[in-house]
1. Among the residues of the stretch B:43-52, write down those that are modelled with pLDDT under 95 and open to solvent by 10 Å² or more (accessible area, probe 1.4 Å).
2. Filter the helices (runs of 4 or more DSSP H) completely within the stretch B:19-135 down to those with at least 2 residues that are among the polar types (S, T, N, Q), more than 10 Å from chain A (Cβ to nearest Cβ) and within 16 Å of ligand 1 (Cβ to nearest atom).
3. Can you go through A:Lys62, A:Lys40 and tell me which one is open to solvent by 40 Å² or more (accessible area, probe 1.4 Å), more than 10 Å from chain B (Cβ to nearest Cβ), at positive phi and not aliphatic (A, V, I, L, M)?
4. Looking at B:Lys220, B:Lys180 in this structure, which one is of a type in the set (Lys, Arg) and away from ligand 2 (no atom under 16 Å from the Cβ)?
5. Hey, does the stretch A:106-119 have a residue that's without any contact (Cβ under 8 Å) to a residue 12 or more places away in the chain and either of a type outside the set (Phe, Trp, Tyr) or closer than 20 Å to B:Val325 by Cβ (or both)?
6. Picking from B:Leu256, B:Leu221, B:Leu228, which residue would you name as being at negative phi, touching a residue at least 40 places away in the same chain (Cβ under 8 Å) and within 8 Å of chain A (Cβ to nearest Cβ)?
7. Can you confirm whether B:Ile141 is within 11 Å of ligand 2 (Cβ to nearest atom) and closer than 28 Å to B:Ile204 by Cβ?
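The values are calculated or read from the model by the stated rules, or taken from the named source; none is laboratory data. Everything numeric in this text was worked out from a predicted model, so none of it was measured. Ideal geometry is used to build each Cβ from the backbone, glycine not excepted, and the neighbour counts take in all protein chains shown. Heavy atoms of the whole protein, side chains included, go into the accessibility calculation; ligands, DNA and RNA do not. Shrake-Rupley method; radii C 1.70, N 1.55, O 1.52, S 1.80 Å.
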Amino acid sequence: MESLDPRIARLEISDDAILQPKEALDQLVTYEVFVQKKDKAAFEHVGIVHASDVEMAFIFAKETFSRRFTCFGMCVVETGKIRITGYTDNDNNIYDQVAKVEHGDGPEEIYEIFHLKKRGKQHVHIGSVEAESYDNALYKAKVLYDDEKPKFNVWVIKNSDILFSDEDDKAIWDTLSDKKYRDATAYRAMDKIKKFKEEQLNQ
Amino acid sequence: MYGGGNLFETPKLDELRNEDPIKLKEFEDRIERGEKIEPNDWMPALYRKQLIRMIEQHAHSEIIGALPEGTWITRAPGFKRKMSLMAKVQDEVGHAQLLYSAAETLGKSREQMIDDLISGKSKYSNIFNYPTFTWADCCFISWLVDAGAIVNQTANARGSYGPYCRALDRICAEESFHLKYGHHCVIHLATGTPKQRKMMQEAIDRWWEPLMHFFGPPDKLSVHTETLVKWKVKMATNDENRQQFLDMYVPKIWELGLTIPDPNLKKNAETGLWEYTEPDWAEFKRVINGDGPCNKERLAVRRVAEERGEWVRQAMLAPQSKYVVPLA
Ligand SMILES: [Fe+2]
Ligand SMILES: [Fe+2]
């Protein structure tokens with residue numbers, strides 16, 4: 001194939017081959033990613049990555065979501081392990097639909113609770129509860145965290161399913177200061193335009 | 001980066017007739033109130049279909065758009081430009097990731113989208129089917145193609161689908177660096193030696209028509225999009241986006257002493273609108289249907305990446321866990 005792209009020749013790419021149909025889907029698993037935008041701030045949802053396991057998900061998440069914005073901590077969890085309520089709208093509070101569940105069938109453990117407080121915004125971590133099941137955790141969250149304002153959706157996640165970044169390893173987030181060239185402010189050029197216009201006028 | 005002028009399918013009225021009227025009204029009221037739609041909400045099949053199509057086209061445009069610029073990293077003039085361009089290309093590929101994720105929440109897997117790109121079933125922004133002969137072509141893309149993309153993305157960020165809006169907010173914040181970097185590159189050439197000026201002017205002459213295509217066919221030729229406007233899927237018409245671009249950037253091109261290869265281009269003082277020669281829309285159609293100078297090569301690069309990466313994905317597959325649709 002003739003091309004201006006040096007890769008075409010180097011990788012011996014031809015244009016006539018077609019992609020062979022695959023036997024099965026080889027799409028990797030989905031992980032939801034949460035970040036702390038400020039020191040000690042609550043974790044909030046930023047997006048997803050696909051990875052083969054939780055460690056790799058963390059590496060991908062770091063690359064995708066801390067490359068350009070400040071970040072003080074990150075955590076990832078497999079999407080399939082998150083229990084989600086229904087969505088409400090207008091002024092309807094989803095907690096009004098949560099039934100009283102005082103016990104569960106599992107051992108008591110920590111569950112993390114995330115709220116959607118405005119449609120279109122991110123889910124934000126609100127706190128944790130000790131509970132015996134997801135439903136039990138949701139009910140305890142209702143008792144503890146349901147204030148006046150409506151919540152449109154709640155996520156419940158077992159703490160043990162989440163991979164958190166290391167508190168003692170904060171230095172890994174300090175990557176922005178030596179990458180000023182990723183900042184719009186590094187490209188000031190008004191002086192050059194001004195000088196050019198003056199020269200044009202003098203000619 | 002990304003081109004406007006999405007190619008929507010013509011909505012068929014009977015597609016809506018099959019929808020539950022009560023649910024449809026709730027859905028439309030919610031949008032009317034300015035609330036966003038989230039993945040688990042009920043939505044008309046047509047809304048889902050058109051959004052998948054639009055977000056997917058956008059995502060493909062980001063990765064295919066990274067190819068013409070990507071090939072210039074090794075040849076960018078000097079270490080600083082190499083660093084900047086590398087960061088920009090990395091951003092664009094990152095944008096594709098964010099957008100694929102948003103489209104996935106509507107129920108189409110990322111793998112299926114990539115397969116549809118490679119097979120030619122899905123489209124991407126037409127402008128990336130043109131070759132970058134010189135460094136100035138690369139500078140043109142970084143400044144003006146990104147500028148066009150930003151006009152379009154800023155409009156779409158006010159749309160009704162939550163995950164798409166969230167992805168676009170992030171993307172728009174990153175684009176400001178692309179725009180400044182691209183402008184910086186063009187200023188450097190335009191205020192440089194006669195040879196540099198000539199190179200920049202030639203790039204503008206080559207790219208102007210594809211850039212006018214970039215915003216899509218004129219409104220009078222576009223399909224009926226009333227429903228999509230009501231549902232806040234389409235936030236501005238092709239002509240509105242094109243006008244906004246001309247208004248913001250033609251003066252910035254002219255102030256550098258560069259010319260635009262359209263003798264009819266001028267702002268009508270009475271209407272406040274720009275007048276211009278309609279670009280060749282037959283050429284646009286021909287290229288989008290596969291017959292542009294670089295269509296084959298762009299898809300071949302993606303296909304080879306997919307094929308040669310297959311063993312890695314196979315090796316990483318964890319048989320006990322299954323792919324699921326993202327939550328938000
Ligand atoms: Fe982009
Ligand atoms: Fe960009």
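1. Of everything in the stretch B:43-52, those that are modelled with pLDDT under 95 and open to solvent by 10 Å² or more (accessible area, probe 1.4 Å) turn out to be B:Ala45, B:Lys49.
2. Working: elements: B:21-32, B:45-70, B:79-104, B:110-118.
Passing ranges, in order: B:45-70.
3. Working: A:Lys62 fails: at positive phi.
After ruling out the rest, the residue left standing is A:Lys40.
4. On the way: B:Lys180 fails: away from ligand 2 (no atom under 16 Å from the Cβ).
Selected residue: B:Lys220, the only one of B:Lys220, B:Lys180 that is of a type in the set (Lys, Arg) and away from ligand 2 (no atom under 16 Å from the Cβ).
5. So the first thing to find is which residues in the stretch A:106-119 are without any contact (Cβ under 8 Å) to a residue 12 or more places away in the chain, and the list is none.
No, the stretch A:106-119 contains no residue that is without any contact (Cβ under 8 Å) to a residue 12 or more places away in the chain and either of a type outside the set (Phe, Trp, Tyr) or closer than 20 Å to B:Val325 by Cβ (or both).
6. Working: B:Leu221 fails: within 8 Å of chain A (Cβ to nearest Cβ); B:Leu228 fails: within 8 Å of chain A (Cβ to nearest Cβ).
Just one listed residue meets the conditions, B:Leu256.
7. Numbers: within 11 Å of ligand 2 (Cβ to nearest atom): yes; closer than 28 Å to B:Ile204 by Cβ: yes.
The answer is yes for B:Ile141.
Quick grid of which residues meet (1) within 16 Å of the chain's Cα centre (by Cα); (2) within 11 Å of another protein chain (Cβ to nearest Cβ); (3) assigned to a helix (DSSP H, G or I):
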{"residue": "B:Thr154", "(1), (2), (3)": "yes, no, yes"}
{"residue": "B:Ala167", "(1), (2), (3)": "yes, yes, yes"}
{"residue": "B:Cys185", "(1), (2), (3)": "no, yes, yes"}
{"residue": "B:Met199", "(1), (2), (3)": "no, no, yes"}
